[in-house]
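Report on the following structure.
The values are calculated or read from the model by the stated rules, or taken from the named source; none is laboratory data. These numbers come from a predicted model, not from an experiment. Cβ placement follows ideal geometry from the backbone for every residue including glycine, while neighbour counts extend to all protein chains displayed.
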Amino acid sequence: MLDRRTFLLQGAAAAALLLLMGAGSEAKAEAAAPESAEFKAAFDAVLRGVTPLEQGLILDLPESVENGDYVPVALAVDSPMTAEDHVSALHILSTANPRASVATFRLSLLSGKARVTSRMRLAKTQEVVAVAELSGGRVLVARRKVDVKVGGCGI
Amino acid sequence: MSMKKPPRIKIPASVNTGEIIEVKTLATHIMETGNRKDASGHVIPRNIIHTFRATFEGQEVFSATLGSGIAANPYIAFFMRVPGPGTLTLTWLDDEGTTTVEKVPLQVA
């Protein structure tokens, strides 16, 4: 059984380790991997020739992860979700995974709120790109770099 | 491969008509990418949940097309505006042709 003293000591050790790892990760932040040809093709296919606006789309991702197998990701647009003004689709694209298209989410007028949360895989340090398709043909884009210590296994 | 365990679905216990609620779903699935090899060097075929759909009384609420970049045991959370009492139907489809359907009656206050 774990007594109080052992528990406290282990806690302190874990906290110190976390601090060390935090300091280390800042010191050697890796450069993002280059964009794959598949990403460029998938990005063009999603944009369909529209010039995207780099605003209004929130892409929530951790700055760095230990393990690329489970990376929490959220996409959100502040939209009234009415017939006149709504988000119809949200896309997640990876710039350096073996497959560029991670997910496409289709919303409806019953969505109420343009926000989706999931968990993704990242093979290596890279940029993740999110695209929102809005009513009236507007397209929003957001990019976030994620530092990956251990890549998602086998992706 | 079918799901070893039924999906987990979380919605508020009681909802009001017109309320916007979050629907949280977690399926149990390996999400085999198709890029891995087994011990003898053969590619393990892709088996992922490629489609997820949510409908309310036959009306489409939300759908997702997933790739191998979605993590194992896919977690998807989305929002819906409750139009009134009724049943939310959630469907997961995988590469092996397995269809998993869950029906969630909404307790409208």
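Residues in region B:39-58: is at least one under 16 Å from the mean Cα position of the chain (by Cα), buried (at least 16 other Cβ atoms within 10 Å of the Cβ) and within 8 Å of another protein chain (Cβ to nearest Cβ)? Yes, there is a match, as at least one residue in region B:39-58 is under 16 Å from the mean Cα position of the chain (by Cα), buried (at least 16 other Cβ atoms within 10 Å of the Cβ) and within 8 Å of another protein chain (Cβ to nearest Cβ). The set of residues in region B:28-61 that are over 29 Å from B:MET80 (Cβ atoms) and not in a strand (DSSP E or B) comprises B:THR33, B:GLY34, B:ASN35, B:ARG36, B:ASP38, B:ALA39, B:SER40, B:GLY41, B:HIS42, B:ILE44, B:PRO45, B:ARG46. Each residue in region A:99-122 was checked for being within 16 Å of the chain's Cα centre (by Cα), facing another protein chain (nearest Cβ under 7 Å) and not β-branched (Val, Ile, Thr), and 9 pass.
When A:TYR70 is tested against (1) facing chain B (nearest Cβ under 8 Å); (2) surrounded by fewer than 17 Cβ atoms within 10 Å (Cβ to Cβ); (3) over 20 Å from B:PHE78 (Cα atoms), just one condition goes unmet, and that condition is (3).
Taking (1) in a loop (DSSP other than H, G, I, E, B); (2) out of contact with any Phe, Trp or Tyr (no Cβ under 6 Å at 6 or more places or on another chain); (3) at pLDDT 95 or above in turn, A:GLY154 satisfies each apart from (3). Sub-7 Å Cβ pairs linking a first residue in region A:83-98 that is in a loop (DSSP other than H, G, I, E, B) to a second residue that is of a type in the set (Val, Ile, Thr), at least 6 apart or interchain, are A:THR95/A:VAL129; A:ASN97/A:ILE155; A:PRO98/A:ILE155, ordered by first then second residue. For region B:62-103, filtering for residues that are assigned to a strand (DSSP E or B) and at the interface with chain A (Cβ under 8 Å from one of its Cβ atoms) leaves 13.
Annotation for region B:84-92: no member residue is under 24 Å from A:ALA123 (Cβ atoms) and either among the charged types (D, E, K, R) or under 12 Å from the mean Cα position of the chain (by Cα) (or both). Can you say whether B:THR89 is modelled with pLDDT of 95 or more, touching a Gly at 6+ places or on another chain (Cβ under 9 Å) and of a type in the set (Val, Ile, Thr), as far as the supplied structure shows? Considered against the rule, which asks whether it is modelled with pLDDT of 95 or more, touching a Gly at 6+ places or on another chain (Cβ under 9 Å) and of a type in the set (Val, Ile, Thr), B:THR89 comes out as yes.
For region B:2-27, the tally of residues that are free of Cβ contacts under 8 Å to residues at least 24 places away in the same chain and outside any strand (DSSP E or B) stands at 2.
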